[in-house]
1. Pairing the Cα long axis of helix 11-22 with the longest principal axis of the chain, what angle in degrees results, from 0 to 90 and rounded to the nearest 10?
2. Run the helix sum for the chain: -39,500 (n - 2.57) per DSSP H stretch of 4+ residues, divided by residue count, reported at 222 nm to the nearest 500 deg cm²/dmol.
3. If you take every DSSP beta bridge fully contained in the range 182-333, what fraction is antiparallel? Give it as a percent rounded to 5.
4. How large is the convex hull of the C-alpha atoms of the range 124-250 per residue, in Å³?
5. Given a cut-off of under 8 Å on Cα pairs at least six residues apart, what relative contact order in percent is computed for the range 195-245?
6. Which links in K26/K282; K214/K253; K21/K308; K144/K307; K26/K85 stretch past 24 Å when you go from one Cα to the other?
7. Using Cα pairs under 8 angstrom and six or more residues apart, how large is the relative contact order of the range 271-333, in percent?
8. Divide, for the chain, the radius of gyration over alpha carbons by 2.2 N^0.38 Å, where N is the residue count.
Amino acid sequence: MYDIVIIGSGPAGLSASIYAKRAGLKAVTLEQSPMSGGQVLTTYEVDNYPGLPGINGFDLGMKFREHADKLGCEFKNAEVLAIRKINAEAQIKESGAQLRAASIESRIQEEMKEKEEAGFVLETDNGPVRTKTVLAAMGATHAKLGIPGESDFTGKGVSYCATCDGAFFRGRVTAVIGGGDVAVEDAIFLARGCEKVYLIHRRDELRAAAILQKELMSLPNVEILWDTVAERIEGEGTVQKLAVKNVKTGREKALLVDGVFVAVGIIPSSHIMKGAADCDEKGYLIAGEDCVTSTPGIFAAGDIRTKKLRQIVTAAADGANAITSVLEYFTAG
Ligand code: NAP
């Protein structure tokens, strides 16, 4: 039985591993992918993590993991399939025969209370894991546009990761869809190798940080299509055309592109938590800065929880706050 199982090894999970180890908790971090780091791994350059200006995302992810390894944090490769509160009633029935009849009622009640607080079983593809508390730090995945051609051409010109796939489009024409930090970072990254990059944004104002916008505007091979939405992706075998429409004028046109990079936000990876703790309408686990969810013993850290600012530094901060709350949970009467 672990004191805490941390699900996910992005900045929030790795920071929590470090804090849990230092607090003397019996902890394990479960990771689904073969490499720690989460979304950071596919970030080309991180320029807002204090003390490490301009660090490559992959290197930052590796540094987090090295730190955890140096402290002797435990990791296990496992995909969590379901979370189950330990079934108090079933356990009581098993031991019921040994209870003396006279005190059975009160003892059952006492034991129920104890067992209710006892914890959780995580069903994983690598066997069950029992724990007193759970920290959900599974982060988020890429949102899809849902337009015709998107799924047909995924991996054949449609991508959700410029740093992973950008090199295939060297000297070619690409389009990035979105107006947030990721879209602008992707456009900047692609502009280094592509002949031309279109940035397609549905409004007349970008959401991305001002410093990124400034860099983007200085690039001669980037053209921004304002108030424009992507309607269709077409091609033969691979992407050849992106049909777009100006939402103000209604005018449509086809852009001849070899690649389409979709960067329209993130979706929290919270599906296994449904029913285990309350989520908001977008699927984010409802938790404040203390990372405490609606279910005693379940905590949430990083991009998966309701918060204003989703960045590496705030995810890492969540890991620390979550472990503080776990310690409070253990010490509270
Ligand atoms: P985001 O900030 O939510 O931006 C998503 C963008 O996609 C918005 O511009 C949005 O348009 C647009 N969009 C959403 N749905 C669309 C649709 N169906 N069709 C067309 N456009 C659509 O998401 P993100 O850029 O992936 O970033 C995710 C989080 O990570 C953010 O909190 C971000 O700040 C953070 N992040 C931080 C850094 C950093 O600190 N260096 C780097 C990367 C990401 P509207 O603007 O009109 O809503």
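The values are calculated or read from the model by the stated rules, or taken from the named source; none is laboratory data. Note that the coordinates shown come from a computational prediction; the quantities given were computed from them, not determined experimentally. All Cβ positions, glycine included, derive from the backbone under ideal geometry; neighbour counts span all protein chains shown. The protein model used for the area step is the full one, side chains on, heavy atoms only, and it has no ligands, DNA or RNA in it. Shrake-Rupley method; radii C 1.70, N 1.55, O 1.52, S 1.80 Å.
1. The answer is roughly 30 degrees.
2. After summing the helix terms and dividing by the residues of the chain, the value is -8500 deg cm²/dmol.
3. In the range 182-333, DSSP labels about 70 percent of beta bridges as antiparallel.
4. Convex hull volume per residue, Cα atoms: 160 Å³.
5. Numbers: 65 pairs, mean separation 19.2, N = 51.
Relative contact order comes out at 38 percent.
6. With Cα atoms farther than 24 Å apart: K26/K282; K214/K253; K21/K308.
7. Working: 79 pairs, mean separation 17.3, N = 63.
Relative contact order for the range 271-333 comes out at 27 percent.
8. 1.18
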